[in-house]
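**Student:** Dumping the structure here so I can ask a few things about it.
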Amino acid sequence: LYNLSVDERIYKDVQDLVFQRIRESVLTQKNITPMTVSNGGKPEDMKISQTNFAHYIIQASRGNFLYIDLVLNFFKEGKLQVKSTSSFNMIPTNLSQVFLLAFNLKYPTCEAFLKVKDLICIMAASLSPLTKPELFDCVNATKMEGLTQEQFEEKFKHLNWLLKKNSNGTLAFFHPTVRDWLIGRRTTSDSSSFVCDPREGHAAIALKLSRCQKQSQEIGRAH
């Protein structure tokens, strides 16, 4: 992260990005403008309100472009709205708070998160990106009664927002910092919500590999 007051080039890049994102989205403009301003307010008042918001985001970002992208997405999608011209306290102030808000929105109850936690732990533990069939085999390796393909697809669809598909068909978190956030807070004072223990994922991967090895040995003996 950067001190934006020290490097003018970074400040300008961040500023250009924020104002461009605001200009290109009517929904973002609507959600960053308080109702008291947008309802009958003068155009110049709306511009001032939006400019104040932009400068707040620029400073809060500390040069982190991922932070900017995710926060502005919240406003574009209507998940966050500015209620007052004098307060932006509903806006996450760092990337950890951004991830926490995103996970709370996707998994509003403990039960909702537990349904996908095993998949997330495996993704966080794997030293190399997994394919979807490999993820299916890993999660089934830990269960007495394996998931059907239909049950797995039902679980997996709740992870679509979190994962990206690489050109070779493997899966990865949409940004490396997601993994750091999921497993790194076990030893920090940050919120413990949604913390994942990679040991659970390592166990699933190890069981999957041992099963594959056993099956290969059995096939070899059969021949």
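**Student:** Mind checking whether some residue in the stretch 127-136 is surrounded by 14 or more Cβ atoms within 10 Å (Cβ to Cβ), out of contact with any strand residue (DSSP E or B) (no Cβ under 8 Å at 6 or more places or on another chain) and assigned to a helix (DSSP H, G or I)? Give the derivation first.
**Tutor:** Restricting attention to the stretch 127-136, the residues satisfying the condition of being surrounded by 14 or more Cβ atoms within 10 Å (Cβ to Cβ) are 129-132, 134-136.
Going one step further and asking which of them are out of contact with any strand residue (DSSP E or B) (no Cβ under 8 Å at 6 or more places or on another chain), we end up with 134, 136.
Still in the running and assigned to a helix (DSSP H, G or I): 134, 136.
Yes; the residues of the stretch 127-136 include at least one that is surrounded by 14 or more Cβ atoms within 10 Å (Cβ to Cβ), out of contact with any strand residue (DSSP E or B) (no Cβ under 8 Å at 6 or more places or on another chain) and assigned to a helix (DSSP H, G or I).
**Student:** Looking at Thr187, Thr177, Thr170, can you tell me which residue is β-branched (Val, Ile, Thr) and at pLDDT below 75?
**Tutor:** Details: Thr177 fails: at pLDDT below 75; Thr170 fails: at pLDDT below 75.
On inspection, the qualifying residue turns out to be Thr187.
**Student:** Here is a follow-up. From the list Leu114, Leu72, Leu27, Leu105, which one is in contact with a helix residue (DSSP H, G or I) (Cβ under 8 Å, 6 or more places away or on another chain), open to solvent by 10 Å² or more (accessible area, probe 1.4 Å) and not hydroxyl-bearing (Ser, Thr, Tyr)? Step through it out loud before you land on a result.
**Tutor:** Numbers: Leu114 fails: in contact with a helix residue (DSSP H, G or I) (Cβ under 8 Å, 6 or more places away or on another chain); Leu72 fails: open to solvent by 10 Å² or more (accessible area, probe 1.4 Å); Leu105 fails: in contact with a helix residue (DSSP H, G or I) (Cβ under 8 Å, 6 or more places away or on another chain).
Only one candidate qualifies: Leu27.
**Student:** Any idea which of (1) within 26 Å of Leu66 (Cβ to Cβ); (2) touching a residue at least 60 places away in the same chain (Cβ under 8 Å) is the one Leu162 doesn't satisfy?
**Tutor:** Going through (1) within 26 Å of Leu66 (Cβ to Cβ); (2) touching a residue at least 60 places away in the same chain (Cβ under 8 Å) one by one, Leu162 breaks only (2).
**Student:** For the stretch 63-101, what are the residues that are of a type in the set (Gly, Ala, Ser) and in contact (Cβ under 8 Å) with a residue 40 or more places away in the chain?
**Tutor:** Filtering the stretch 63-101 for residues of a type in the set (Gly, Ala, Ser) gives 63, 78, 84, 86-87, 96.
If the condition is that a residue be of a type in the set (Gly, Ala, Ser) and in contact (Cβ under 8 Å) with a residue 40 or more places away in the chain, then Gly63, Gly78, Ser84, Ser96 are the ones that fit.
**Student:** Here's a follow-up. Being open to solvent by less than 40 Å² (accessible area, probe 1.4 Å), closer than 22 Å to Lys12 by Cβ and free of Cβ contacts under 8 Å to residues at least 60 places away in the same chain is true for just one of Ile48, Ile57. Which residue is that? Even if it seems obvious, please write down each step before you answer.
**Tutor:** On the way: Ile48 fails: open to solvent by less than 40 Å² (accessible area, probe 1.4 Å).
Answer to the selection: Ile57.
**Student:** OK, next. Residues that are more than 30 Å from His158 (Cβ to Cβ): which helices (runs of 4 or more DSSP H) entirely in the stretch 2-104 hold 3 or more of them?
**Tutor:** On the way: elements: 8-23, 26-31, 35-38, 43-61, 65-76.
Correct list: 8-23, 35-38, 43-61.
**Student:** Could you please give the count of residues in the stretch 137-158 that are open to solvent by 60 Å² or more (accessible area, probe 1.4 Å) and either of a type outside the set (Lys, Arg) or in contact with a His (Cβ under 6 Å, 6 or more places away or on another chain) (or both)?
**Tutor:** Count: 11.
**Student:** Does Leu163 fit the bill of being modelled with pLDDT of 95 or more and surrounded by 14 or more Cβ atoms within 10 Å (Cβ to Cβ)? Give the derivation first.
**Tutor:** On the way: modelled with pLDDT of 95 or more: yes; surrounded by 14 or more Cβ atoms within 10 Å (Cβ to Cβ): yes.
When the stated conditions are applied, Leu163 passes them.
The values are calculated or read from the model by the stated rules, or taken from the named source; none is laboratory data. Quick caveat, the model's predicted, so the values are computed rather than measured. Glycine also receives a Cβ, built like all others from the backbone with ideal geometry; neighbour counts cover every protein chain displayed. Side chains are part of the model used for accessible areas, which takes the heavy atoms of the whole protein and leaves out ligands, DNA and RNA. Shrake-Rupley method; radii C 1.70, N 1.55, O 1.52, S 1.80 Å.
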